[in-house]
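Student: What follows is a structure written as structure tokens; I'll ask about it next.
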Amino acid sequence: MKGSHPPDQTAIESETTDLANRIREGELPLANAPDPLAPGDQCHYVTPVRFGRRRADQYGHVVLTSGWLKFRGTLDLSLTWSEVADVQRAAREIVVTLQGSRRLLRFSCHSELEAARGVVIAQYLAQSARMPTADPATAFHHAAL
């Protein structure tokens with residue numbers, strides 16, 4: 001079938017488009033945080049991941065909150081959204097580019113759908129951190145997957 005996507009890709013695109021539309025309408029999802037959060041911080045996404053690209057990779061969870069991108073495992077990492085320049089998806093990976101750096105952080109999810117959901121939410125949170133006043137209707141531009 002010319003021009004069609006495998007069923008998995010079509011389902012991923014459909015779900016992430018729906019998620020992006022809900023976020024634009026002000027419906028940012030809420031999730032249960034694995035650790036206590038700072039007052040006023042809300043958890044929006046948690047998923048198990050492998051962090052890095054080597055044999056000594058760390059296993060844990062990516063936690064996306066209103067103020068932070070966190071990795072919780074044997075090594076903990078926390079970044080404010082203002083430190084994040086860009087978030088993209090590469091197959092099952094959430095790829096984070098840091099402000100003022102060429103360094104990439106790679107979080108490998110169990111599925112492409114988990115990575116796609118995380119990227120949509122992370123893109124919104126990172127863009128919102130750069131906006132003086134984050135209006136969900138105008139601040140979020142969902143990237144094509």
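Student: Which of the numbered conditions does VAL46 fail, given that it passes all the others? Conditions: (1) surrounded by fewer than 16 Cβ atoms within 10 Å (Cβ to Cβ); (2) touching a residue at least 12 places away in the same chain (Cβ under 8 Å); (3) not in a loop (DSSP other than H, G, I, E, B).
Tutor: (1)
Student: Consider region 98-131. How many of its residues are β-branched (Val, Ile, Thr) and touching a Lys or Arg at 6+ places or on another chain (Cβ under 8 Å)?
Tutor: Here is the first cut: in region 98-131, the ones β-branched (Val, Ile, Thr) are 119-121.
With the extra rule that they be touching a Lys or Arg at 6+ places or on another chain (Cβ under 8 Å), the set shrinks to 119.
Looking only at that region, the number is 1.
Student: On the basis of being among the aromatic types (Phe, Trp, Tyr) and under 13 Å from the mean Cα position of the chain (by Cα), does TYR59 make the cut? Reasoning before the result, please.
Tutor: Numbers: among the aromatic types (Phe, Trp, Tyr): yes; under 13 Å from the mean Cα position of the chain (by Cα): no.
No: the conditions fail for TYR59.
Student: Could you grab me the full set of residues in region 54-105 that are among the charged types (D, E, K, R), under 15 Å from GLN127 (Cβ atoms) and part of a strand (DSSP E or B)? Working first, answer last.
Tutor: Filtering region 54-105 down to residues among the charged types (D, E, K, R) leaves 54-55, 57, 70, 72, 76, 83, 86, 89, 92-93, 102-103.
Still in the running and under 15 Å from GLN127 (Cβ atoms): 83, 86.
The one that is among the charged types (D, E, K, R), under 15 Å from GLN127 (Cβ atoms) and part of a strand (DSSP E or B): ASP86.
Student: Please indicate, with yes or no, whether at least one residue in region 17-34 is surrounded by 15 or more Cβ atoms within 10 Å (Cβ to Cβ), within 22 Å of GLN123 (Cβ to Cβ) and of a type in the set (Asp, Glu).
Tutor: So far as region 17-34 goes, no, none of its residues is surrounded by 15 or more Cβ atoms within 10 Å (Cβ to Cβ), within 22 Å of GLN123 (Cβ to Cβ) and of a type in the set (Asp, Glu).
No lab work stands behind these numbers, since they all come straight from the coordinates. Just so it is clear, the model here is predicted, and its values are computed rather than measured. Quick reminder, even Gly has a Cβ in these numbers, built from the backbone with ideal geometry, and neighbours come from all protein chains shown.
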